[in-house]
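Got a structure for you, written out below as structure tokens; questions coming shortly.
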Amino acid sequence: MDKIRIRGGLRLKGTINISGAKNAALPLMAASLLSDEPLVLGNIPHLADITTLAQLLVNHGATVETNGHDDGGNTGGRELRLHAARITSTTAPYDIVRKMRASVLVLGPLVARMGEAKVSLPGGCAIGARPIDLHLKGLENLGARIVLEDGYVHASAPKGLRGNEVRFPFVSVGATENLMMAAVLAQGTTVLDNAAREPEIMDLADCLNAMGAKVSGAGSSRIEIQGVARLHGAQHRVMSDRIEAGTYAAAAAVTGGEIDLIGARLEHMGAIAVALAESGSHFEVIPDGLRATRHVRGIQPVDITTQPYPGFPTDMQAQMMALLALANGASTVTEAIFENRFMHVPELARMGARISLQGSTAIIRGVESLHGAPVMATDLRASVSLVLAALAAKGETDIGRVYHLDRGYERLVEKLAPCGADIERLPA
Ligand code: UD1
């Protein structure tokens, strides 16, 4: 397995192009199943998760072309042309779903278009149990019959889905997306109450509307969808990745540097910008994006709690902790979305961080410096927090299990090296 080696302690300065957002691209790709006409998506990041979902779409009968070339679902380009002229299989098999939980996003589109779907239950993952009960209850509200059997969800609605009121007991990004995609082809009007408000939800609504759907209110907690008989093809550009932008802003902050994040948008940064500002860094709007700079000498301690958007995102929690490990004082980080998302803590401790855990809260006592060490991580954001710590640390850090980073960070080494990072990828 490949490793990333970083020799830390260098101040980063330069420009990074922010990629299209993985978490926007995945539901947008699933939306291609809703129409028999092509959906062309621009600004698609080159990531393992994108390839996995493309393989799943091919399994359902779609053709996937990258920049005009049919590559059998093995994507890796900037533009994807997804064409589900015919759905040849409504089963999402275990072998693909187990690789990536977001595969469950095909459930809503398949039931909506085909009246049935059989999707492997995704099971838990390293950061928690992550059930999909909200997705299933929501589909039941729209008239689907749900049966769980042999590790699969069978959803059927032979006469089509019917619009209804769906009130989520708590906010779920994936359930909101799945229900939006199911409701666009339902008969009548659906109202999603307590819906997720993430910018990725707005991106999905924009794309669905470009395909002929009638979705309003995305970005608020009440989304209204008037069902239509069919959707047509469309072109859509995937929004930029706010978590990638936040991660590189944290890289600038932790090394006392300055990085221009091309394509990043301040209106999407919300609580990330607030937390970085409190820690002594700031964003400045520049013509094509944002400039992230640390403007005070030391890193200031900050208390954060993860929340659904517009709160502080759980997907930035580990990166923020790497930064706060070097603060002038004690910070707290409370994880309120996932129950087991502190696996980076023992690894950061191996690099000299002083972090203690009390339930879902981490208390971080800032240290003057971190030191390099061999480390491993168990999920995407945990891995990148180790990259950030290593960039600031004295000495050399080897980070194992790079495949976690490949799931969510496009060309990480190639983006950081021109900013002055001493970073290389070593083949196994
Ligand atoms: C999405 C993101 C992920 C991010 C998360 C929270 C994608 C592909 N992934 O994941 O990067 O960390 O939002 O911002 O966009 N839950 C249930 N039952 C359900 C659904 C969710 O109990 O039916 C729980 C989850 O276990 C979790 C919480 O609700 O504790 C929020 O999860 P959710 O917003 O659904 O996350 P995902 O859509 O899986």
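By average Cβ neighbour count within 10 Å, what is the ranking of 26-36, 43-53 from highest down?
26-36, 43-53
Using 1/(1 + (r/R0)^6) with R0 = 45 angstrom and r between the beta carbons of ILE363 and ASP150, what's the FRET efficiency to the nearest 0.05?
So, using R0 = 45 Å, E works out to roughly 0.50.
Have a look at the DSSP beta bridges in the chain and tell me what percent are antiparallel, nearest 5. Write down the numbers at each step before the final one.
On the way: 59 of 83 bridges.
In the chain, approximately 70 percent of DSSP beta bridges are antiparallel ones.
If R0 is 56 Å, what FRET efficiency do you get for LYS394 and ARG167 from their C-beta distance, rounded to 0.05?
Using R0 = 56 Å, I get an efficiency of 0.60.
In addition: Among 219-231, 334-346, how do they line up from the highest to the lowest mean number of other beta-carbon atoms within 10 Å?
Packing order, densest peptide first, comes out as 334-346, 219-231.
Next up: Report the semi-axes of the equivalent ellipsoid for the chain in whole Å, largest first, where each axis is √(5λ) for an eigenvalue λ of the Cα gyration tensor. Could the numbers behind the result be given before it?
Numbers: eigenvalues 285, 93, 80 Å².
Equivalent ellipsoid semi-axes, largest first: 38, 22, 20 Å.
Any chance you could run the full-extension gain for GLU267 through SER221? It's 0.36 nm times the residue separation minus the Cα-Cα distance, nm to one decimal.
That works out to 14.8 nm of additional length.
If we count every other residue with Cβ under 13 angstrom of ILE16's Cβ, Lys/Arg +1 and Asp/Glu -1, where does the sum land?
Summing Lys and Arg as +1 and Asp and Glu as -1 gives -3.
Under a plain spin-label model, where a point goes 7 Å from the Cα along Cα-to-Cβ, how far apart in nm are ALA277 and ASN67?
3.9 nm
Just subtract the alpha-carbon distance of LYS159 and ARG297 from 0.36 nm times their residue separation and send over the number in nm, one decimal.
Extending this stretch completely gives an extra 43.2 nm.
Which entries in LYS99/LYS214; LYS118/LYS159; LYS137/LYS159 show an alpha-carbon gap greater than 25 Å?
Going by Cα-Cα distance, LYS99/LYS214 fall outside the 25 Å limit.
Let me ask something additional. How large, in percent, is the carbon and sulfur part of the accessible surface of the chain at a probe radius of 1.4 Å?
Carbon and sulfur together cover 48 percent of it.
Then there is this: What does the charge add up to near ALA325, with Lys and Arg as +1, Asp and Glu as -1, over the other residues with Cβ less than 12 Å from its Cβ?
Every neighbour counted, the sum reads +1.
Given the range 214-254 reduced to its alpha-carbon atoms as identical point scatterers, what log10 I(q)/I(0) does the Debye formula return at q = 0.18, 0.20, 0.24 Å⁻¹?
Taken in order of the listed q values, log10 I(q)/I(0) reads -0.78, -0.83, -0.92.
Something else: For the chain, what is the accessible area per residue in Å², given a 1.4 Å probe and the full set of protein chains?
Numbers: 16180 Å² over 428 residues.
Spelled out: the 1.4 Å probe surface of the chain, per residue, equals 38 Å².
Okay, moving on. Once the other residues with Cβ under 11 Å from the Cβ of VAL173 are scored (Lys, Arg +1; Asp, Glu -1), what is the net sum?
Numbers: positive: ARG197; negative: GLU177, GLU198, GLU200, ASP315.
Net of charged neighbours comes to -3.
What FRET efficiency would be calculated for the residue pair ASP95, ASP133, taking the C-beta separation as r and a Förster radius of 25 Å, to the nearest 0.05?
Computed FRET efficiency for ASP95 and ASP133: 0.60.
The values are calculated or read from the model by the stated rules, or taken from the named source; none is laboratory data. What you see is a predicted model, and the numbers here were worked out from it, not measured in a lab. Cβ atoms come from the backbone with ideal geometry, glycine included; neighbour counts cover every protein chain shown. Side chains are part of the model used for accessible areas, which takes the heavy atoms of the whole protein and leaves out ligands, DNA and RNA. Shrake-Rupley method; radii C 1.70, N 1.55, O 1.52, S 1.80 Å.
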